[in-house]
Amino acid sequence: MPDILVQYEAEIWLSIGETFIMVGASIGAAILLGLPVGTLLFLCRKGEVIENRLVFTVLNLLVNIIRSFPFLLLVVFLIPFTRLIIGTAIGTTAAIVPLSIIAIAHYSRLVEQSLLDVPKGVMEAAISMGASVKEIVFKFLYVETRSGLVLGLTTSIISFISYSTIMGVVGGGGIGDFAIRYGYQQFKTDLMIYMIIIMIILVQLIQFTGTTIARIIDKR
Amino acid sequence: MIKLVNVSKSFSQFKVIKSVSLTIDKGEVHGIIGASGAGKSTLLRLVNLLELPDQGEVEVNGQKLTNLSSKELRRARKSIGMIFQHFNLLANKTVYENVAVSLELANYPKKERRDRIIECLQFVGLKDLIKQYPAQLSGGQKQRVAIARALANNPQVLLCDEPTSSLDPNISAEILGVLENINKVLGVTIVIVSHEMEVIKSICNRVTVMANGEIYDTVSTEPIGIHHIDKSPSYFVEQLAKAGEMDDA
Ligand SMILES: Nc1ncnc2c1ncn2[C@@H]1O[C@H](COP(=O)(O)OP(=O)(O)O)[C@@H](O)[C@H]1O
Ligand SMILES: [Mg+2]
């Protein structure tokens, strides 16, 4: 192993850990809240089973607004809100708030798009069989879109990694922050390059895993 | 069994069904025929309220569907099977699982599900394919799965929207044979929408002719049997020969 990596080993592991916490929390938020929001966006559309113009318009607008913020500005803008929830706006835990919010907005849009690909006829079959909204979602929609949902989550996770690199501004740490503080600001270019390599490997692994799972569960 | 009374349906000002009344008796195989855009599918979809009528009443099996709460309607739909031109199977579920969904929705006793699924698949002649996914099946096989799914929960009525229109003629005949069996053996009332006269002639006892959102006429017919449309290769050769003669002329 190159000397410089040995020298900074402890800090590198720490920042990898911070990245995992931040990205992990984003994934949690995406699944627990992004998936339902995306599903609701789809179901409330015109002509869909619980068509609701108000809910659709509000959710749609919210998702658009959050996604149109440059992420750095969103982080700054959310500082008071973060402080309200976490008690502080600084640190890895606090970084989870803006990350989760962008994660929900990001993934919900991909979920909505996946669901839009379900053939109309499958929805009709579900309704004609007397399925309730919950049954339509779990026994039809998620079954038919499962590979799209996995691919969407894969894309989202890779964006979350990218978003997490910005969290240094609020003391969130992480690999990206480490690369900037040591590699860029202290002119240790080789260290920066190693960090970038770690990121590339991470992204490749995630993409490979996501694509493989999606392919295996896709029977279409 | 099925009673539509002065039912109307518009899509954004455009009147697709114009105050139609129609009664279909228990045990009938009722055909609905007409040109494309006549409103056949819409009329069929009004029977299980896949389309809500603007006016009029829909009664199936002694129950006024138009008066039901959404929960009661869902319950009623479980005894009205439906099959479609494009099958509408779940692509990510096996043949077995596709049929199982219908029983899950109906809360069919868990212990009896497996037997029932096998029984239905046997009825449509598919029991060797239970582990296949729809993508591995031919069109005719997919329609058989759809029929098994519709049949699983012992429906009183089976609604068929162009069930054979995307199938080859000889496969069409097979599917019509299955439907005929369902009517004769299980006593299920069947409504078939089609734009093909041969489909209608082969198995229907009564036929409703539609044009421009209205019923032109309803007539009783003697089903001529599916063998008449069992188009063997020789049929096509004949047709080709005829076409050839016309070219020569
Ligand atoms: N969901 C819909 N929205 C708007 N127009 C529709 C809809 N469904 C059917 N139509 C229109 O209603 C007419 C009748 O359609 P349909 O019942 O499908 O006819 P058929 O099955 O006889 O070909 C057509 O002009 C069609 O374009
Ligand atoms: Mg039609």
* Asked: Ignoring ligands, DNA and RNA, how much accessible area is buried between chains B and A, both sides summed, with a 1.4 Å probe, to the nearest 100 Å²?
  -> 1900 Å²
* To do: Averaging sequence separations of C-alpha pairs under 8 Å and six or more residues apart, then dividing by the length of region B:2-248, give the relative contact order as a whole percent.
  => 26 percent
* To do: For region B:56-203, state the semi-axes of the equivalent ellipsoid (square roots of 5 times the eigenvalues of the alpha-carbon gyration tensor), sorted largest first and rounded to whole angstrom.
  => 23, 21, 13
* the protein assembly as shown - share of DSSP beta bridges that are antiparallel (%, nearest 5) -> 50 percent
* Asked: Taking only C-alpha pairs under 8 Å that are 6+ residues apart, what is the relative contact order of chain A in percent?
  -> 27 percent
* Heavy-atom accessible area, 1.4 Å probe, ligands and nucleic acids excluded: residues of region A:138-164 down by at least 50 Å² from chain alone -> A:LYS139, A:GLU144
* Placed amide H near A:GLY172: partners under 5 Å, 5+ positions off or other chain -> A:GLY91
* Estimated 222 nm signal from helices in the protein assembly as shown, with DSSP H stretches of n ≥ 4 weighted -39500 (n - 2.57), rounded to 500 -> -17000 deg cm²/dmol
* Asked: For region A:142-204, what does the alpha-carbon gyration tensor say about shape, rounded, prolate or oblate, given a ≥ b ≥ c as the root eigenvalues, a/c under 1.5 as rounded, and a/b over b/c as prolate?
  -> oblate
* Structure fact -> The correct ranking of B:LYS40, A:LYS46, B:LYS3 by accessible area at 1.4 Å, largest first, is A:LYS46, B:LYS3, B:LYS40
* Mind running the shape call on region B:171-212? Use the C-alpha gyration tensor, a ≥ b ≥ c as the square roots of the eigenvalues: rounded below 1.5 for a/c, prolate if a/b tops b/c, oblate otherwise. => oblate
* Asked: Do you know which residues of region A:105-123 lose at least 20 square angstrom of accessible area in the protein assembly compared with their chain on its own, with a 1.4 angstrom probe?
  -> A:GLY121, A:VAL122
* Structure fact -> Excluding ligands, DNA and RNA, the carbon-plus-sulfur percentage of the accessible area of chain A with a 1.4 Å probe reads 69 percent
* **Global geometry of region B:2-248, whether rounded, prolate or oblate, following the gyration tensor of its Cα atoms and the 1.5 cut on a/c** => oblate
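The values are calculated or read from the model by the stated rules, or taken from the named source; none is laboratory data. Because the structure is a prediction, the values reported are computed rather than measured. What goes into the accessible areas is simple: the full protein's heavy atoms, side chains included, and nothing from ligands, DNA or RNA. Shrake-Rupley method; radii C 1.70, N 1.55, O 1.52, S 1.80 Å.
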